[in-house]
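The values are calculated or read from the model by the stated rules, or taken from the named source; none is laboratory data. Treat the numbers as computed from the prediction; the structure is a model and nothing was measured. Here the Cβ is made from the backbone with ideal geometry for all residues, glycine too, and neighbour counts use every protein chain on show.
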Amino acid sequence: MNKLPLTDADTVLFTHVVKKINFFASMNMGLLEKILARINYYQYSAGEKVCKQGDPGDAFYVIGEGKLAVSIREAFLFSRTLATLSPGDCFGEMALLDRKPRNATVTSAEPSKVFVLTVEQFDQVLAENPAFKQEMKRLANDRQFEIDHKK
């Protein structure tokens, strides 16, 4: 993982990408700018783990570039891929809201760039924006429903 400086082009990319995500779509530019001020941007190599199943939920992620694989460990050595994520997809909201361990491992399937909002930054955004908090809870519930029905 390599932390990248957030350039003007990255700012435009983030704004463009998140406008396609349900809970960001209705946000005004002022709120997006507050979130953007707290975002970090990282580059991951192919095969590098972004987060691991069972680890504490410490961040929310939005994919800027590349592809990531989501897998769950079902037995001692067996894991199953649930999904492949692409630019514009997000993950990590369930762990942040519930403060429970991660439900899945996410691995970079190819060189990827990911916007990251840490738990501390996330809490600041939630405290300032009750509507954002409600939308995140709805998204987490929808995602849990998906996971429960793929098992």
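If only residues of the stretch 93-118 that are at pLDDT 85 or above, closer than 20 Å to ASP148 by Cα and not β-branched (Val, Ile, Thr) are counted, the one that is surrounded by the most Cβ atoms within 10 Å (Cβ to Cβ) is ALA104. Of all positions in the stretch 55-64, at least one carries a residue that is surrounded by 17 or more Cβ atoms within 10 Å (Cβ to Cβ), in contact with a Lys or Arg (Cβ under 7 Å, 6 or more places away or on another chain), modelled with pLDDT of 90 or more and outside any helix (DSSP H, G or I). Within the stretch 14-33, the set of residues being touching a Gly at 6+ places or on another chain (Cβ under 6 Å) and either at pLDDT below 70 or β-branched (Val, Ile, Thr) (or both) comprises just one member, VAL17. Give the residue that is nearest to the chain's Cα centre (by Cα), with candidates limited to residues of the stretch 81-92 that are of a type in the set (A, V, I, L, M) and surrounded by fewer than 20 Cβ atoms within 10 Å (Cβ to Cβ). This residue is ALA83. Could you say whether any residue in the stretch 67-80 is surrounded by 15 or more Cβ atoms within 10 Å (Cβ to Cβ) and in a loop (DSSP other than H, G, I, E, B)? The answer is yes; a qualifying residue exists.
Note on the stretch 122-138: residues that are surrounded by fewer than 18 Cβ atoms within 10 Å (Cβ to Cβ) and assigned to a helix (DSSP H, G or I) amount to 11.
When LYS67, LYS100 are checked against the criterion of being basic (Lys, Arg) and over 23 Å from VAL17 (Cα atoms), a single residue qualifies: LYS100.
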